[in-house]
Each structure stands twice: as structure tokens, then as C-alpha cells.
Amino acid sequence: MLSSLYVVGQGPLHRLSAGSKLAVLAIVGVGLFFIQSPWILAFAFALAVIVYLTVGLSLREALKRIRLTLYSLLFLMVLNLFFLPIAEVQVLALRFLALVFAAAAVTATTTLDAMMDVVNRLMRPLGRLGLIRQGDAGLTVGLCLRFVPEILARYHALVEAHKARGLKVRPLTLLGPLVILTLKQADDVAAAIDARGLRAARTTPRSSQSNERQIRS
Amino acid sequence: MTTRDLALSALFAAIIIVLGLVPPIPLGFIPVPITLQSMGVMLAGCIIGAKRGALAYAIFVLLVAAGLPVLSGGRGGLAILMGPTGGYILGWIVAAFVTGFIAERLVREGQNEWRQLGGFFAASVIGGIVVLYAIGMPWVTASAGTPFYAVASGSLVFVPGDLLKAAITALAARAVLAGYPLLHRA
């Protein structure tokens, strides 16, 4: 139902670590905004297209994934033609196209697990400050994805209940029960997590130091 | 962050995903069906409050970035965040927080029904419309180069629909507050 946009493959981009791909994408994303030359941007765009189209997707599937972003881009660029010189619109369009294709390539070659590893690593400073506990990011994302099928089933049950009573499905009669039933379940889930001690113990800067000392001695 | 905060946020993020998977629902009095997911920011703030609403959207945006097709219409991936309207998606986190922050202060349990509805409506309009557009529109201008007045006047088309969504959110949030109050509970 919620299959990730990752495509199985063994290409060079697949073998790069998620962290370096995201870092490169961030650097390219910022860097391209300082480049004004249409030639360099056209080169970047061509490169991004080649990379994206060689990750192992069919042309149709590849374009389908970014179609809506491309439409909104097209709309804005047509609008831009009324306000800006053509040369500038060309630069803006090429820059965005390069970014969109590069970003789609990273998404298609990086698994959810690899992305979560990067997120957990980025969260580590927050954990050290005592704001969150280690593993909280993975726990919440895991909980969220785990309950999507169940909430979807609940949604369909509510639609059936409407039909059985001859009622039309309306946002208001649906949202109330859907939200209340789900959030009641969230309370049970939280109680179950605490009862089983599934959440990592709180780590404060002091306690992690004392742990280190214990290990050393 | 208590475990309860995490669970409520995670399951609310799951509700937002489900609202994007199901077909748009007709309102009955206007011919266009609405995509329930587009009300998610207002719902999150008004129902689970500022901190947890923002966390629910942080999880949701994280899943978009990680490449899961969780946006309505099966969209997802970094390309959307990198596109010209990426500001709206990142803005959801702030918008949910502001909606919740205002709702927590304007709405009390035990107030009369109309004051609660008014409070939820005001919170949804300020957080889910004013704040969201205040982040999304300059982002479009800064990234796509389209002049701000063109972006702003183009966005006006969406305001009537957004006001309608704020009204539905107010009614739904009040129903939840009456049935299972969470807004002010730690």
C-alpha cells in the first residue's frame, strides 16, 4: 500500500551512502542558486536527467513520479514569461529542472532504512541535550507506518457504517469518529510501550559521561 | 516528550497519511469534493495541540523526504521538497504549531459551544492559512523568481476553499474536544 519510491538496483548511486547523497544534494541545491550561466545550468540539468533515467526506472514511471512537480514548475515559468526577460526565465527553469531530477534520483536509490539512519544520526545532538531519547525518531516513524493499514481499515469500516444506515459519507461525520478512535488507541499504545520499557532510558550529558567512566575503569 | 506525546503524534501522522490515500469526499452543498488531507494542518493543531501537532507534521514531512508516497495523489520524495512549492510543505510544521498554540489559548473545555467553534476557526485561519501562505508564497518568489504580487494574487483563488476547510476543522475539532479532549492534556 505504501511502497517506498526506492527502486532495487546496483548502480553507482545505489552504492553511495545515503548521507553522502543527501549532503551532495544539499550542496548542489544551494550551489545552483549562485550560478547564473545558462550553459552550466543546462549541463547540470542534462547530467541530472541522465543520472535519474539510469537508476532503473522505466521512462513512464520515472516521469510519472515527478509529473506534478513539473506541472507546477511549468505553470510558474509560463507566468514568469509575463514578468521577467526570457533569458532569466530560462536560467530559473533549468536550475529547477536540474534540482528536481537530481532529488528524484536520490529518492529512487535510497531505502527508507538508510534515510532513517541519517535522521537518527542528525538527531543525536538533540539526544545529547536531553531533548529526545536515542531511537525516538525510529520509534515514532515505525509506529506511524505500522498503524496506517489499521487506520485505513477503520476508515473503510466507518464508510460501511454510513452506507448501512443509508447516510452519505461527509467529512464531519467521518473525521470525528476516525480521530477519536485512533487517538484512544494511541493512549493504549503509549501505555504498552512504557509498560514494556521499549523506549531507551533517558540519557543526560552527565549520565553518558559516567557510563564512559564505568566502561574505562 | 512523554511516550504519550510520541504515540499521539505518530498516530496522528498516520491519520494524515490515510486522509491522503482515500478519495476526496463531497461536502454536499458544493459540487467539488475536498481532499481531506489538505485540512490536516488545521486538524493537527486544533486536536492535539501545538507541540504534538508540529511533531506529527515533522514525522509526515520526514516521510515525504524519505521517499514514501504519502502526499495525496501518491506523491512523495525529495523532488517535491526541492520544487518551487517546497516551502508550503516545510511550512506545514510551523503552521500546525501556530494553529495549536492559538487554539490552546483561545479554547477552553467548558466554554460555550460557539466560543469554542470561534476559537478553533480563528486558530485554523491564522495558522493554517495566514502563516502557511506567509511561508509558502515568499518561498515561491525566492526560488522560482515569480514576482510576489503575482504569486499572492494567484493564491487568492485558494482562500475561499481554505476558509471552508477552517470551518469544517472547527466543527470536527469541537466534536473531538467534546468526545475525547486532548488539546490541553499533557
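The values are calculated or read from the model by the stated rules, or taken from the named source; none is laboratory data. Keep in mind it's a predicted model, so treat the numbers as computed, not measured. All Cβ positions, even for glycine, are placed from backbone atoms using ideal geometry, and neighbour counts span all protein chains on display. In case anyone asks, the SASA skips ligands and DNA or RNA and just uses the protein heavy atoms, side chains included. Shrake-Rupley method; radii C 1.70, N 1.55, O 1.52, S 1.80 Å.
Based on what the data block shows, is A:ARG95 within 24 Å of A:ALA201 (Cα to Cα) and either open to solvent by 40 Å² or more (accessible area, probe 1.4 Å) or more than 7 Å from every other protein chain (Cβ to nearest Cβ) (or both)?
no
Can you name the residue in region B:53-75 that is open to solvent by 10 Å² or more (accessible area, probe 1.4 Å) and within 21 Å of B:TYR180 (Cα to Cα) and is also nearest to the other protein chains (Cβ to nearest Cβ) among such residues?
B:LEU55
Please pick out the residue among B:ALA79, B:ALA95 that is assigned to a helix (DSSP H, G or I), buried (at least 19 other Cβ atoms within 10 Å of the Cβ) and at the interface with chain A (Cβ under 7 Å from one of its Cβ atoms).
Working: B:ALA95 fails: at the interface with chain A (Cβ under 7 Å from one of its Cβ atoms).
Within the list B:ALA79, B:ALA95, the selection yields B:ALA79.
Does A:SER17 satisfy the condition of being over 20 Å from the mean Cα position of the chain (by Cα) and more than 13 Å from chain B (Cβ to nearest Cβ)? Can you show your working first?
Details: over 20 Å from the mean Cα position of the chain (by Cα): no; more than 13 Å from chain B (Cβ to nearest Cβ): yes.
It is false that A:SER17 is over 20 Å from the mean Cα position of the chain (by Cα) and more than 13 Å from chain B (Cβ to nearest Cβ).
May I ask you to list the residues in region A:95-119 that are small (Gly, Ala, Ser) and under 13 Å from the mean Cα position of the chain (by Cα)?
Initially, region A:95-119 is screened for residues small (Gly, Ala, Ser), giving A:98, A:102-105, A:108, A:114.
Listed by number, the residues that qualify are A:ALA103, A:ALA104, A:ALA108, A:ALA114.
I need the full set of residues from region A:107-140 which are farther than 20 Å from A:GLY9 by Cα, more than 10 Å from chain B (Cβ to nearest Cβ) and among the charged types (D, E, K, R), in order please.
Answer for region A:107-140, where residues must be farther than 20 Å from A:GLY9 by Cα, more than 10 Å from chain B (Cβ to nearest Cβ) and among the charged types (D, E, K, R): A:ARG121, A:ARG124, A:ARG128.
Name every residue in region A:73-91 that is in contact with a Pro (Cβ under 6 Å, 6 or more places away or on another chain) and free of Cβ contacts under 8 Å to residues at least 24 places away in the same chain, in order of residue number.
The answer is A:LEU76, A:PHE83.
It is to be established whether one or more residues within region A:137-153 are modelled with pLDDT under 90 and crowded, with 18+ Cβ neighbours inside 10 Å.
yes
Quick grid of which residues meet (1) facing another protein chain (nearest Cβ under 10 Å); (2) crowded, with 24+ Cβ neighbours inside 10 Å; (3) basic (Lys, Arg); (4) assigned to a helix (DSSP H, G or I):
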| site | (1), (2), (3), (4) |
| --- | --- |
| B:LEU27 | yes, no, no, no |
| B:GLN37 | no, no, no, yes |
| B:PRO84 | yes, yes, no, no |
| B:GLY110 | no, no, no, no |
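Kindly provide the set of residues from region B:135-154 that are surrounded by 16 or more Cβ atoms within 10 Å (Cβ to Cβ) and not aromatic (Phe, Trp, Tyr), ordered by number.
Residues of region B:135-154 that are surrounded by 16 or more Cβ atoms within 10 Å (Cβ to Cβ), as a first pass: B:135-137, B:139-141, B:143-146, B:150-151.
Selection gives B:ILE135, B:GLY136, B:MET137, B:VAL140, B:THR141, B:SER143, B:ALA144, B:GLY145, B:THR146, B:ALA150, B:VAL151.
Considering only region A:64-175, give the helices (runs of 4 or more DSSP H) lying wholly within it that have at least 3 residues that are outside the structural domain of A:LYS21 (by TED's automatic domain parsing) and among the β-branched types (Val, Ile, Thr). Step through it out loud before you land on a result.
On the way: elements: A:86-109, A:112-128, A:136-164.
It comes to A:136-164.
Would you check which residues across region A:59-91 are at the interface with chain B (Cβ under 7 Å from one of its Cβ atoms) and of a type in the set (D, E, K, R) and list them?
At the first step, the residues of region A:59-91 found to be at the interface with chain B (Cβ under 7 Å from one of its Cβ atoms) are A:65-66, A:68-69, A:72-73, A:76, A:79-80, A:83-84, A:88.
Matches in region A:59-91: A:ARG65, A:GLU88.
Can you tell which of B:GLY49, B:GLY91, B:GLY119 is over 22 Å from A:GLY176 (Cβ atoms) and touching a residue at least 12 places away in the same chain (Cβ under 8 Å)?
Details: B:GLY49 fails: over 22 Å from A:GLY176 (Cβ atoms); B:GLY119 fails: over 22 Å from A:GLY176 (Cβ atoms).
Being over 22 Å from A:GLY176 (Cβ atoms) and touching a residue at least 12 places away in the same chain (Cβ under 8 Å) holds for just one of B:GLY49, B:GLY91, B:GLY119, which is B:GLY91.
Can you name every residue in region A:49-63 that is part of a helix (DSSP H, G or I) and small (Gly, Ala, Ser)?
Within region A:49-63, the first condition is being part of a helix (DSSP H, G or I), and the residues that meet it are A:49-53, A:59-63.
Selection gives A:ALA62 alone.
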